[in-house]
Amino acid sequence: MEPKTTLVPQVKIRSYKGRLEEDFKSPGGPPQWITALEAVLKHPAQLVYDISKGRKGWGAYLLATLILGGLFYGFVMGTFSGGTQLWASPVKFAFGLLTSAIITFPSLYIFTCVNGADLKIQTVFSLLLLSLSLVVVLLVGFAPVAWIFSQTTDNIVLMGWIHLILWVASVWFGLRLLSAAFGLLARDFSQGLSAWAFIFLLVCFQMSAVLRPILGTSKEFLTDEKVFFLSHWFKCMGN
């Protein structure tokens, strides 16, 4: 039986609300990668519906989108310095994003439970993959913008700010989708999600310092020096 749309009015995202209510149904047909990519951009509620019903297959495609999209955008970041960064930056960016998701997932699941959402742990993880898939798809769309700047300037601070702005904008849309997805399946999750989003961003920013250098060059693949990400950023801006 199809769920009633009367369960959805708690979703506070105006531009998503009507479309999600209308699309909250199975996309039909077997899971396919191209179908998953199209649904992420056009009909995310269809994926949310299948995920909530425990339908297998979508999670693998979302994970593949996350990894391959992260590798591609990381490659674009590596074109700023070239050389070993053409393979090191993709590995670091994709690994950092996936690791940040894994590290912060327990807190996300706990927040959903505390807020009264009766969702299975695999459902919550799939929703997280869905939101991060949207993030990397948007970053892939922004990649030409980042690439043109990387080929026309040697200012690493400017490039850092450009990538940071594109990253934060993409994450905002991903969190927006995650909030709407929880609104479809449970209840309003705005306060708990805001707290988790802050934690997630902190972890991602710290990973950028742990996995440095991502934009610049270095004789070492990684550095063993411990540093807080703000200290690292200020140091780069001071050089």
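The values are calculated or read from the model by the stated rules, or taken from the named source; none is laboratory data. Everything quoted here is computed from the prediction, not taken from an experiment. Every residue, glycine among them, receives a Cβ derived from its backbone with ideal geometry; neighbour counts consider all protein chains shown.
Being of a type outside the set (S, T, N, Q), touching a Lys or Arg at 6+ places or on another chain (Cβ under 8 Å) and under 27 Å from Leu41 (Cα atoms) narrows it down to one residue among Ala197, Ala180, Ala146; which is it? Talk me through it step by step, then tell me what you get.
Numbers: Ala197 fails: touching a Lys or Arg at 6+ places or on another chain (Cβ under 8 Å); Ala146 fails: touching a Lys or Arg at 6+ places or on another chain (Cβ under 8 Å).
After ruling out the rest, the residue left standing is Ala180.
From the set of residues in region 150-175 that are in contact with a Cys (Cβ under 9 Å, 6 or more places away or on another chain) and closer than 24 Å to Phe198 by Cα, which is surrounded by the most Cβ atoms within 10 Å (Cβ to Cβ)?
Of region 150-175, the ones in contact with a Cys (Cβ under 9 Å, 6 or more places away or on another chain) are 156-157, 160, 167, 171.
Narrowing further to those that are closer than 24 Å to Phe198 by Cα: 157, 160, 167, 171.
Numbers: Val157: 14, Gly160: 18, Trp167: 22, Val171: 20.
Among those that are in contact with a Cys (Cβ under 9 Å, 6 or more places away or on another chain) and closer than 24 Å to Phe198 by Cα, it is Trp167.
Any residue that is in contact with a Ser or Thr (Cβ under 6 Å, 6 or more places away or on another chain) and within 11 Å of Leu215 (Cβ to Cβ) - is there at least one of those in region 160-168?
First, pick out the residues of region 160-168 that are in contact with a Ser or Thr (Cβ under 6 Å, 6 or more places away or on another chain): none.
Within region 160-168, none of the residues are in contact with a Ser or Thr (Cβ under 6 Å, 6 or more places away or on another chain) and within 11 Å of Leu215 (Cβ to Cβ).
Looking at Leu193, Leu215, Leu202 in this structure, which one is touching a residue at least 60 places away in the same chain (Cβ under 8 Å) and either over 16 Å from Phe93 (Cβ atoms) or among the aromatic types (Phe, Trp, Tyr) (or both)? Give the derivation first.
Working: Leu215 fails: either over 16 Å from Phe93 (Cβ atoms) or among the aromatic types (Phe, Trp, Tyr) (or both); Leu202 fails: touching a residue at least 60 places away in the same chain (Cβ under 8 Å).
Sole residue among the options that is touching a residue at least 60 places away in the same chain (Cβ under 8 Å) and either over 16 Å from Phe93 (Cβ atoms) or among the aromatic types (Phe, Trp, Tyr) (or both): Leu193.
Need pairs with beta-carbon distance below 8 Å; first residue farther than 18 Å from Cys204 by Cβ and touching a residue at least 40 places away in the same chain (Cβ under 8 Å) and within region 55-77, second of a type in the set (Lys, Arg) and exposed (fewer than 15 other Cβ atoms within 10 Å of the Cβ); sequence gap 6+ or separate chains.
none
Of the residues that make up region 218-237, is at least one surrounded by 13 or more Cβ atoms within 10 Å (Cβ to Cβ) and free of Cβ contacts under 8 Å to residues at least 12 places away in the same chain? Don't jump to the end; show me each part of the working.
Our first condition is that a residue be surrounded by 13 or more Cβ atoms within 10 Å (Cβ to Cβ); within region 218-237, this holds for 218, 223, 227, 229, 232-233, 236.
Those left that are additionally free of Cβ contacts under 8 Å to residues at least 12 places away in the same chain: 218, 223.
Yes, region 218-237 contains at least one residue that is surrounded by 13 or more Cβ atoms within 10 Å (Cβ to Cβ) and free of Cβ contacts under 8 Å to residues at least 12 places away in the same chain.
Could you list, in sequence order, the residues of region 114-126 that are assigned to a helix (DSSP H, G or I) and modelled with pLDDT of 85 or more?
Residues of region 114-126 assigned to a helix (DSSP H, G or I): 114, 121-126.
Ile121, Gln122, Thr123, Val124, Phe125, Ser126, listed by residue number.
Taking region 11-26, which residues are assigned to a loop (DSSP other than H, G, I, E, B), touching a Leu at 6+ places or on another chain (Cβ under 9 Å) and either modelled with pLDDT under 75 or surrounded by fewer than 13 Cβ atoms within 10 Å (Cβ to Cβ) (or both)? Outline the logic, then answer.
Just the residues of region 11-26 that are assigned to a loop (DSSP other than H, G, I, E, B), to begin with: 11-13, 24-26.
Going one step further and asking which of them are touching a Leu at 6+ places or on another chain (Cβ under 9 Å), we end up with 11, 13, 24.
Hits for region 11-26 are Val11, Ile13.
Which condition breaks for Phe189 when tested against (1) within 22 Å of Tyr73 (Cα to Cα); (2) crowded, with 16+ Cβ neighbours inside 10 Å; (3) modelled with pLDDT under 90; (4) in contact with a Gly (Cβ under 9 Å, 6 or more places away or on another chain)?
Among (1) within 22 Å of Tyr73 (Cα to Cα); (2) crowded, with 16+ Cβ neighbours inside 10 Å; (3) modelled with pLDDT under 90; (4) in contact with a Gly (Cβ under 9 Å, 6 or more places away or on another chain), the lone unmet condition for Phe189 is (1).
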